Amino acid sequence: MKHFKLGFIINPIAGIGGSVALKGSDGMAMHALALGAKPQANARATLALEVLLPYKDDIVIYTANDLMGEQCARDLGFKVEVLYQAKQKHTESNDSQLTVEALLEHGVDIILFAGGDGTARDIANVVASDDDYQQVPVLGIPAGCKIHSGVYAITPKAAGRIIELMVTKELVTLTTGDVMDIDESLFRQGIVKAKRYSEMKIPSELRYVQAVKSGGKESDELVLQDIAANVIEEMNEYDDRQFIIGSGSTTAFLMSELALENTLLGVDIVSEQSLAASDVTEAELYKAITDYDGLSKLVITLIGGQGHVFGRGNQQLSPRIIRTILAQSGGSDNITILATKAKLEALNNKPLISDTGDIELDQELSGFMPITTGYKDQVLYPLASPQ
């Protein structure tokens, strides 16, 4: 029987800057490690491969050494062939590109990679530049701080589900996904400037593959004013609460209505309608919550058209942060999700996604959540753990 030839690449430092508020990992790995960040890419990749464990006798994984894929695949018991040897522990973009070249030359059926938009660009630099290899499908496991590209599955498990369909010879549509990336130097200043670099072939199942992020801000200013007014009224009513404001354009509008500076792609803390802390790290946020005498309320929004509320672009909101907030009096009422009805309708009945990296927590959060969609206006909408 012919084995399914799975090309597999992990960028070990992908997403490492997220929990320490660096907004990215490009050129920042050593700084992130010094701040106490923990690599997460291998854990994310493991979630994808675990879906394929029932088929491991039918799959051979072709990969690079150590943390670039070999260790993850061997630990799960897959047949592994190492085609590229990285020479340093902290790998660089060149290592990813050389691994791709080796995988393509070996004729893999698909390249599955774990990383962010920078990693997607590295893959595309090889795949999209050679006419002979442009038909080889590629699929990303989301593991970076920035996931604007349309070549990623919506969650690590979703990536595994797509590969499962291919291994079991189900019909899978082949389409193209845009490779996007943003300027991280501007990103750290709260400016989102996304650019399309190229495209790659991807196996497409609408349940499992994300749409390219919406880059624009909400145009319906009146609706956003109503949403902001609802939150500000609560701030006026209680002086024993601090509000943790998550990233996104909707929460940015709230901050502008408060006349406060906002970290568009970070986390800020507001107390008595004043900015108590700006662009906090996970550790700083945890200290602020545990040291505060009153309640800490989390105000977040969904990211673009993907429906993520946790685990994408807000890694500072770690499982221990969320659990600490839930443990306060009020429980889940301490989490306020803001969204316009237009944004919810754009999800086409897909649930919101909690992808914190803690499976038990994601399951605890699952269910119908009240979403603030205007002034004194809420809708119930399903929140689900990754599939």
The one condition residue 141 fails out of (1) in contact with a Pro (Cβ under 7 Å, 6 or more places away or on another chain); (2) at pLDDT below 90 is (2)
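Hey, any hits in the stretch 111-134 for a residue that's farther than 22 Å from residue 198 by Cβ, of a type in the set (Val, Ile, Thr), touching a strand residue (DSSP E or B) at 6+ places or on another chain (Cβ under 8 Å) and outside any helix (DSSP H, G or I)? Can you show your working first?
Restricting attention to the stretch 111-134, the residues satisfying the condition of being farther than 22 Å from residue 198 by Cβ are none.
The answer is no, given that none of the residues of the stretch 111-134 is farther than 22 Å from residue 198 by Cβ, of a type in the set (Val, Ile, Thr), touching a strand residue (DSSP E or B) at 6+ places or on another chain (Cβ under 8 Å) and outside any helix (DSSP H, G or I).
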Selection from the stretch 238-250 of residues that are under 17 Å from residue 225 (Cα atoms) and crowded, with 23+ Cβ neighbours inside 10 Å
245, 248, 250
Residues of the stretch 303-348 being without any contact (Cβ under 8 Å) to a residue 24 or more places away in the chain and of a type outside the set (A, V, I, L, M, F, W, C), which ones?
331, 333, 345, 348
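So, restricting to helices (runs of 4 or more DSSP H) that lie completely within the stretch 22-92, which ones have at least 1 residues that are charged (D, E, K, R), modelled with pLDDT under 95 and under 16 Å from residue 160 (Cβ atoms)?
Details: elements: 29-34, 41-50, 70-75.
So the answer is 41-50.
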Matching option when the condition is crowded, with 21+ Cβ neighbours inside 10 Å, of a type in the set (A, V, I, L, M, F, W, C), modelled with pLDDT under 95 and touching a Ser or Thr at 6+ places or on another chain (Cβ under 8 Å), among 128, 120, 153, 159
120
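Return yes or no: is residue 200 at pLDDT below 85, under 26 Å from residue 123 (Cα atoms), of a type in the set (A, V, I, L, M, F, W, C) and in contact with a strand residue (DSSP E or B) (Cβ under 7 Å, 6 or more places away or on another chain)? Step through it out loud before you land on a result.
Numbers: at pLDDT below 85: no; under 26 Å from residue 123 (Cα atoms): yes; of a type in the set (A, V, I, L, M, F, W, C): yes; in contact with a strand residue (DSSP E or B) (Cβ under 7 Å, 6 or more places away or on another chain): yes.
It is false that residue 200 is at pLDDT below 85, under 26 Å from residue 123 (Cα atoms), of a type in the set (A, V, I, L, M, F, W, C) and in contact with a strand residue (DSSP E or B) (Cβ under 7 Å, 6 or more places away or on another chain).
Taking into account only those residues within the stretch 232-264 that are assigned to a loop (DSSP other than H, G, I, E, B) and touching a helix residue (DSSP H, G or I) at 6+ places or on another chain (Cβ under 6 Å), which is farthest from residue 306 (Cα to Cα)?
Restricting attention to the stretch 232-264, the residues satisfying the condition of being assigned to a loop (DSSP other than H, G, I, E, B) are 238-240, 246-248, 258-264.
Among the residues that remain, those that are also touching a helix residue (DSSP H, G or I) at 6+ places or on another chain (Cβ under 6 Å) are: 262, 264.
Working: 262: 23, 264: 18 Å.
Out of the qualifying residues, it is 262.
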Reported set for the stretch 93-103 where residues are of a type outside the set (S, T, N, Q) and either in a loop (DSSP other than H, G, I, E, B) or in contact with a helix residue (DSSP H, G or I) (Cβ under 7 Å, 6 or more places away or on another chain) (or both) is 95, 100, 101
Condition (residue is closer than 28 Å to residue 288 by Cα and among the polar types (S, T, N, Q)) applied to the stretch 348-362: is it met by at least one residue?
yes
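Out of curiosity, is residue 229 buried (at least 19 other Cβ atoms within 10 Å of the Cβ), at pLDDT 85 or above and not in a strand (DSSP E or B)?
Working: buried (at least 19 other Cβ atoms within 10 Å of the Cβ): no; at pLDDT 85 or above: yes; not in a strand (DSSP E or B): yes.
Against the criterion (buried (at least 19 other Cβ atoms within 10 Å of the Cβ), at pLDDT 85 or above and not in a strand (DSSP E or B)), residue 229 does not qualify.
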So, of the residues in the stretch 283-303 that are surrounded by 22 or more Cβ atoms within 10 Å (Cβ to Cβ) and not in a strand (DSSP E or B), which turns out to be nearest to the chain's Cα centre (by Cα)?
302
Within the stretch 351-362, residues buried (at least 17 other Cβ atoms within 10 Å of the Cβ) and of a type outside the set (S, T, N, Q) come out as 351, 352, 353, 355, 357, 358, 361, 362
Pick out the one residue from 87, 79, 56 that is over 16 Å from residue 4 (Cα atoms) and surrounded by fewer than 19 Cβ atoms within 10 Å (Cβ to Cβ).
87
Residue pairs, Cβ under 6 Å, 6 or more apart or interchain, first in the stretch 274-301 and farther than 20 Å from residue 237 by Cβ, second buried (at least 17 other Cβ atoms within 10 Å of the Cβ) and among the acidic types (Asp, Glu). List them.
278/268
Consider residue 12 carefully, then state whether it is at pLDDT 85 or above and assigned to a loop (DSSP other than H, G, I, E, B).
yes
Residue hits (the stretch 368-377; surrounded by fewer than 20 Cβ atoms within 10 Å (Cβ to Cβ), touching a helix residue (DSSP H, G or I) at 6+ places or on another chain (Cβ under 9 Å) and not in a loop (DSSP other than H, G, I, E, B)) are 370, 374, 377
Count, please, the residues in the stretch 315-351 that happen to be farther than 15 Å from residue 155 by Cα, in contact with a Ser or Thr (Cβ under 9 Å, 6 or more places away or on another chain) and part of a loop (DSSP other than H, G, I, E, B).
7
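The values are calculated or read from the model by the stated rules, or taken from the named source; none is laboratory data. Everything numeric here is computed off the predicted structure, so don't read it as measured data. In this analysis, Cβ positions are derived from the backbone assuming ideal geometry, glycine residues included, and neighbour counts consider all displayed protein chains.
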